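In what follows, a structure is listed as structure tokens, so that the remarks can point back to it.
The values are calculated or read from the model by the stated rules, or taken from the named source; none is laboratory data. From a predicted model like this one, the values you see are computed outputs, not experimental measurements. FYI the Cβ positions are ideal-geometry reconstructions off the backbone, even for glycines, and counts take in every protein chain you see.
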Amino acid sequence: MSVHEGPSRLNRLRDSRDFRRLGACVFGMLVLALVTGPEGIQGNPTYGVIQSWLRPRVVGFLIAAVVLWALMTFWGRLSGRIRAEVVEVADVGRRLFESRLPRFGTYLLLIVLAVLLPQILSGTWQEITVDQIGTYVLLALGLNVVVGFAGLLDLGYIAFYLIGAYSTAYWSGALPVQPPFDLNPFFIIPFAVLAAMLTGVILGTPTLRLRGDYLAIVTLGFGEIIQIVATNLQGVTGGAEGVIGIRHFSVNLFGVRYAWPVGATANLPYYYLLLGFVVVALVIFHLLEHSRVGRAWTAIREDEVAAAACGINPLKYKIMAFAIGASTSGFAGVLFASKIGFIDPTEFSVQMSILVLILVVFGGQGSLAGALVGAAFIQWGQNFLRVLNVGWYNEQDLYVYLGGLLVVMMIFRPQGVLPSRRRSREIGLAEHGIGTADAMSAGETAP
Amino acid sequence: MLRVAIVRRIVRYAVPLVVGGVCLAACSSSSSPSPSTTGGSGSLPSYTIAYEGPLSGGDAQLGLNMKFAVELAINQANSGTSQFGKLPFKLNFLGEDDQGSPSVSPSVATSLVDNSSVIAVVGPAFSGATKAAEPTFSGANLATVTPSATNPALATQGWSNFFRVVADDNAQGPADAQYIANTLHIKSVYVVNDASAYAVGLTAAFASEARSLGMTVTSEQVPGTTQCSEGTGSVTEYPASATKVVSSGAGALYYGGYYCGFADFAKALRSAGFKGQLFSDDGSLDPHYVSGAGATVASGTLISCPCQTLASSGPASAFISQFKTLAGFAVGTYSAESYDATNTIIKALKSLAATDGASKITRAGVVQGLKSITFVGLTKTIKFKSNGDIAGTAEYVYKVGPSGTISEVGPA
Amino acid sequence: MCFTQNFWSLLIEGLANGFIYALIALGYTLVYGVLRLINFAHSEVFMSGAFGGLFVLQNLIGSRQPGGLTSVWLVAIGIAGAAAAGGAVAFLLERVAYRPLRRRNAPRLAFLISAIGASYFLYNLAGKEFGRQAINIPAPFTNGTVFTVFGAPVQTYYLVVAAVTIVLLVLLDRVVAKTRLGQGIRSVAQDAETASLMGVNIDRTISLTFVIGGLLGGAAGFLYALPVGAVFTIGFTPGLKAFTAAVLGGIGNVRGAMIGGLLLGVVENLSVACISTSWRDVVAFGILVIVLMFRPTGLFGERLGRSA
């Protein structure tokens, strides 16, 4: 080797950055091997680890690690044609959606699909579509307004779901405490949503001045408190036994009479009700996003102090976001309560709030399409794996995967899978020290 | 240019995607796990009896106790050598895990209802899960015979497909109160429930009967802990509650809940100096209570159950040994009741086959058949009241011995 | 007053709980001091300590009932094993979940979300690998009443908790106030940029801070699990309570964390006398909410940089 040549290719490969990447890939793949490995045996702590790592299957994972590393390292040198194609498709897609007609056409197509598709699904899948996918899509859309639009981390989101559900129970007369008058069942929805919204305002007003970390913990605390109150107040909420016999949703208004059915045939009618509200929510949130309110949220999110200096009252807009999120959650609770007819307060834990957070973060905070797609994909995915009963997936391990997914997303793609362009820009700017990308860093009560 | 680019891409990417998506949807509509439907082996029509209960999670042992008993009954019936003789149909077993949770049970119920070969269900095992799932079963008129869901509200919702082979909490609670008052002659009792749906109902029934018997009753809710995956509490609450129990001077402690929480609480009680009688419900009737609390603490504890241990001789002995062979562990709480529940269903199926023909058994027929059936099981004679509850009630009391073995003391 | 009955029993039990909360709270406070980050996953560090101590003792204690000096050694070894496990997990946590984000100068929300993800990942993984039922820790000492205070029994267990906590706290105080490392931690907490200009290796200091917090949290996990056994869900509620304690004392303040822990443990326990046990957690969370709303700087309000 001549002294005038640069470092050989071998030496370049030994460059520490590539090595570190290889190490990270191997580490990640080993973790994946452990996570998809067999369950441990009670009393034998090393069993699961040995079965995951000291068996031939680990070779496959190591190979995958090397392949992944190669892809990441040599992506730049990849076949030019493929890269050009990928870039062009993305570009075409973007240009397509910028003109109105194709955009509305796609929306129409999606709505038609959404209306027709469940008809051909099996009963099990219809039920999953309503209870698991549809409900969580609605919840994700609501939380997206709080986390994505206003940049507030709410870890007690399910508290509003619970309030919506209990309000439904109350107005149906299923609680030990009876309502003052008999309410036309159709109006249960607005009353319950109002209750959730009010709770959001009541909880938000004193706490939304707080800085992001503290807000997160306070909302967590509130979520826990509401769950404990529901479990303890037996005279009011039925206590730990829960509430049974909640009236199923029905309409009896201006001559229109329809009662949503019970049991296995209830899935489709509730699905269409849910679909209707998802579409309404999408439209409203989209309009909000591009209105003055949306711009105020963006301003608060990007730089709260500057926004306040421009005359925006951050507290007012934060409460608004909180209330909107709460009412969406409350509505989902109403649907749930009237469909299942039974509420068990012990089931609505922090874990459920975190799940909705994961859906929003995965899809893309601040992006309606992102929240929708993220929620639908993860919920569909986990139910698909569960129903299919594949050997390596144990549904009890769901949160291992989701937790790991969150960490990976934050490291590699914090803006989410389908981010809003604005948010990606914010995060990019924040990483270079400009602005804050969320309502967490600034705040007058920072200690 | 843009239009050409778009069209080219639509053809290249969108078409296969749409085709794939439709395939996936169509596939998923037929991929729900369903065992052989009618027209199975040979020319015998086949039906499925399903079991729904917790097969994973903290309470899995209770679920497994029942699942294997159901499976055993079905295997015996198929062999032609059971008490039913040769049957004109073949039975399949399907076990579904609802984790004892009311969030999961509706979807399990839907998948069972969807499965056209399922003719009856043993379960759901837990009361909360039953409350959430029963509307689905009821809507499809699919008979559910539960061996263990004892919440009284279940029989009052108007579900004509609901049956239960054990006495409900309204029978168990008062029976326990009477036992403590009349057999143990204890005048004051401290009642604790773990904030589970099951325990709240049971302890309320216990407390009101105890008061009417003239006992001094103090009630408290001590939530199940995250330690036991039973609730939101933390184990640091037990010493504080134990202190209160000790200072109340109660002669007995009645705990409504499950073995994991009871073990931790019992330890705290004994550490705090509680000398009174420990008493709990069938959720604690499990060797894990003894291993969790330690034999010293657990010794002398009394546990009540609407379930019965079987005499080891006589007709039960075959069940006990065959269960051990199939499951790999000995019979446990509610195994015998599940066995009886399954056999009751099989008897109903047999008489339906005789009247309607073996290939014409319907779910509605099974529901009707169960309403009027009488079956002599290992644990009791099974006959249902009009609301689905078992006719006649029976409670039994168990005691933990000094070495940790649990044995039946007698009826309550 | 309602809590004059059983006052001393509840007080002593509350103090014992409080010591454990204090140990955990220190982990939160230390990390917050240097990173301005609530390490949501600290409860899993706590959990690893419980399992670490469990595995160490399982291999050492057979079925014999140890006593006397052996007990002291066993407790020490158990604590060492637990602390090591906690420290290791804390180290990994920092390296895998937080350092990449720090490198990229990620927004604050990303840190918190990553912490939540890491927390869920770790405890569910533990459940998967170690089983979901609690495993009893073989007792390193025989528990009994050592003496009574105004009629309230003081168990061996309480004395062990107090002793271990005090020893660890003294050690920590020494490290933070007297050693080079402690100086590094305090300087990074005060002003990271200037500290690095002064030659402090930020990465290493942060890593070591996590490890120290992990050692304490792990030890706390072992102490907590001794009476009830180690299980994967053990971390959540104590973690949240300890965070409350840290906030109560003033997050970022070492002495505040200690006092906050003790205070919370006692108040929470005494409240049981007045209201039913089922409302106990509401009291703790209520304190959290009220402190955050009306005095977010906590009782002592000062920072790590200016304390000790």
Looking at the stretch A:259-291 only, could you name the residues that are under 20 Å from residue A:119 (Cα atoms) and either free of Cβ contacts under 8 Å to residues at least 24 places away in the same chain or not assigned by TED's automatic domain parsing to the domain that holds residue A:142 (or both)? A:259, A:261, A:263, A:265, A:269, A:276
Matching residues in the stretch C:149-208 - criterion: being within 14 Å of another protein chain (Cβ to nearest Cβ), exposed (fewer than 13 other Cβ atoms within 10 Å of the Cβ) and not in a helix (DSSP H, G or I): C:149, C:150, C:151
Over the stretch A:84-131, the set of residues within 23 Å of residue A:263 (Cβ to Cβ) and more than 11 Å from chain B (Cβ to nearest Cβ) is A:115
Of all residues in the stretch B:112-137, count the ones that are closer than 20 Å to residue B:342 by Cα and more than 18 Å from the chain's Cα centre (by Cα). 6
Inside the stretch B:293-387, counting only strands (runs of 3 or more DSSP E) that do not spill past its ends, which hold 3 or more residues that are under 21 Å from residue B:85 (Cα atoms)? B:374-376
Are any residues in the stretch B:330-374 basic (Lys, Arg), touching a strand residue (DSSP E or B) at 6+ places or on another chain (Cβ under 7 Å) and closer than 30 Å to residue B:310 by Cα, and if so, which ones? B:347, B:371
Of the residues in the stretch A:239-284 that are within 14 Å of another protein chain (Cβ to nearest Cβ) and part of a strand (DSSP E or B), the one that is farthest from residue A:344 (Cα to Cα) is A:259
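Might you check whether a residue that is of a type in the set (A, V, I, L, M) and free of Cβ contacts under 8 Å to residues at least 12 places away in the same chain occurs anywhere in the stretch A:366-389? Walk me through it before giving the result.
The first filter runs over the stretch A:366-389 and keeps only residues of a type in the set (A, V, I, L, M), leaving A:368-369, A:371-373, A:375-376, A:378, A:385, A:387-388.
Remaining after also requiring free of Cβ contacts under 8 Å to residues at least 12 places away in the same chain: A:385, A:388.
Yes, the stretch A:366-389 has at least one match.
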Anything in the stretch C:28-39 that is more than 18 Å from residue C:299 (Cα to Cα) and at pLDDT 90 or above? List them, or say none. C:31, C:39
Qualifying helices (runs of 4 or more DSSP H) (wholly inside the stretch A:95-207; at least 1 residues being more than 27 Å from residue A:325 (Cα to Cα)): A:100-116, A:123-127
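Yes/no per residue for (1) surrounded by 15 or more Cβ atoms within 10 Å (Cβ to Cβ); (2) out of contact with any Asp or Glu (no Cβ under 8 Å at 6 or more places or on another chain); (3) in the same structural domain as residue A:213 (by TED's automatic domain parsing):
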position: A:83; (1), (2), (3): no, yes, no
position: A:143; (1), (2), (3): yes, no, yes
position: A:156; (1), (2), (3): yes, no, yes
position: A:165; (1), (2), (3): yes, yes, yes
Pick from the stretch B:62-81, criterion surrounded by fewer than 18 Cβ atoms within 10 Å (Cβ to Cβ) and modelled with pLDDT under 90, ranking: farthest from residue B:120 (Cα to Cα): B:81
Every residue from the stretch B:306-329 that is surrounded by 22 or more Cβ atoms within 10 Å (Cβ to Cβ) and modelled with pLDDT under 90: B:306, B:307
Could you check, for the stretch A:317-326, whether at least one of its residues is over 23 Å from residue B:132 (Cβ atoms) and of a type in the set (Lys, Arg)? yes
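Quick one: which residue in C:228, C:211 is among the aliphatic types (A, V, I, L, M), part of a loop (DSSP other than H, G, I, E, B) and touching an Asp or Glu at 6+ places or on another chain (Cβ under 9 Å)? If you could, list the steps in order and put the result at the bottom.
Working: C:211 fails: part of a loop (DSSP other than H, G, I, E, B).
Every option except C:228 fails the conditions.
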Mind checking which residues of the stretch A:357-375 are away from chain C (no Cβ under 12 Å), in a helix (DSSP H, G or I) and surrounded by 19 or more Cβ atoms within 10 Å (Cβ to Cβ)? A:359, A:363, A:368, A:370, A:371, A:372, A:373, A:374, A:375
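Of the residues B:181, B:175, B:132, which is within 9 Å of chain A (Cβ to nearest Cβ) and either surrounded by fewer than 24 Cβ atoms within 10 Å (Cβ to Cβ) or part of a helix (DSSP H, G or I) (or both)? Even if it seems obvious, please write down each step before you answer.
Working: B:181 fails: within 9 Å of chain A (Cβ to nearest Cβ); B:175 fails: within 9 Å of chain A (Cβ to nearest Cβ).
One residue alone meets the criteria, B:132.
So which of B:399, B:360, B:371, B:385 ends up being surrounded by fewer than 20 Cβ atoms within 10 Å (Cβ to Cβ), more than 30 Å from residue B:300 (Cβ to Cβ), outside the structural domain of residue B:43 (by TED's automatic domain parsing) and not hydroxyl-bearing (Ser, Thr, Tyr)? So that I can check it myself, show each step before the final result.
Working: B:399 fails: more than 30 Å from residue B:300 (Cβ to Cβ); B:360 fails: outside the structural domain of residue B:43 (by TED's automatic domain parsing); B:371 fails: outside the structural domain of residue B:43 (by TED's automatic domain parsing).
None of the other options fit; the residue is B:385.
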Among residues of the stretch A:11-65 being closer than 30 Å to residue C:136 by Cα and of a type in the set (Gly, Ala, Ser), the residue modelled with the highest pLDDT is A:33
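Filter the stretch B:200-224 for residues that are among the polar types (S, T, N, Q) and either farther than 28 Å from residue C:237 by Cα or assigned to a strand (DSSP E or B) (or both) and give the result. I'd like the intermediate steps shown before the answer.
In the first step, residues of the stretch B:200-224 are kept if they are among the polar types (S, T, N, Q); the result is B:203, B:208, B:212, B:216, B:218-219, B:221.
Of everything in the stretch B:200-224, those that are among the polar types (S, T, N, Q) and either farther than 28 Å from residue C:237 by Cα or assigned to a strand (DSSP E or B) (or both) turn out to be B:208, B:212, B:216, B:218, B:219, B:221.
For (1) among the aliphatic types (A, V, I, L, M); (2) more than 15 Å from the chain's Cα centre (by Cα); (3) within 14 Å of chain C (Cβ to nearest Cβ), each residue gets a yes or a no:
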residue	(1), (2), (3)
A:141	yes, no, no
A:149	no, no, yes
A:157	no, no, yes
A:168	no, yes, no
A:172	no, yes, no
A:175	yes, yes, no
A:179	no, yes, no
A:186	no, yes, no
A:209	no, yes, yes
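State the number of residues belonging to the stretch C:4-32 that are within 11 Å of another protein chain (Cβ to nearest Cβ) and in a helix (DSSP H, G or I). Give the steps one after another, and end with the answer.
Filtering the stretch C:4-32 for residues within 11 Å of another protein chain (Cβ to nearest Cβ) gives C:5-14, C:16-18, C:20-21, C:28, C:32.
Filter again for in a helix (DSSP H, G or I), leaving C:7-14, C:16-18, C:20-21, C:28, C:32.
Number satisfying all stated conditions: 15.
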(1) loosely packed, with under 14 Cβ neighbours inside 10 Å; (2) at pLDDT 80 or above: which one isn't true of residue A:252, the others all being true? (2)
Is it the case, given these coordinates, that residue B:113 is more than 9 Å from every other protein chain (Cβ to nearest Cβ), at negative phi and surrounded by 22 or more Cβ atoms within 10 Å (Cβ to Cβ)? no
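Before we move on, is residue B:195 within 14 Å of another protein chain (Cβ to nearest Cβ), of a type in the set (A, V, I, L, M) and in a loop (DSSP other than H, G, I, E, B)?
Working: within 14 Å of another protein chain (Cβ to nearest Cβ): yes; of a type in the set (A, V, I, L, M): yes; in a loop (DSSP other than H, G, I, E, B): yes.
So residue B:195 fits the description; yes.
What are the residues in the stretch B:58-107 that are touching a Lys or Arg at 6+ places or on another chain (Cβ under 7 Å) and assigned to a helix (DSSP H, G or I), if any? It would help to see each step written out before you state the result.
The first filter runs over the stretch B:58-107 and keeps only residues touching a Lys or Arg at 6+ places or on another chain (Cβ under 7 Å), leaving B:58, B:78, B:80, B:84, B:87, B:95, B:102.
B:78, the sole residue that qualifies.
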Is it the case that the stretch B:141-155 has a residue that's at pLDDT 90 or above, assigned to a loop (DSSP other than H, G, I, E, B) and either surrounded by fewer than 19 Cβ atoms within 10 Å (Cβ to Cβ) or assigned by TED's automatic domain parsing to the domain that holds residue B:276 (or both)? yes
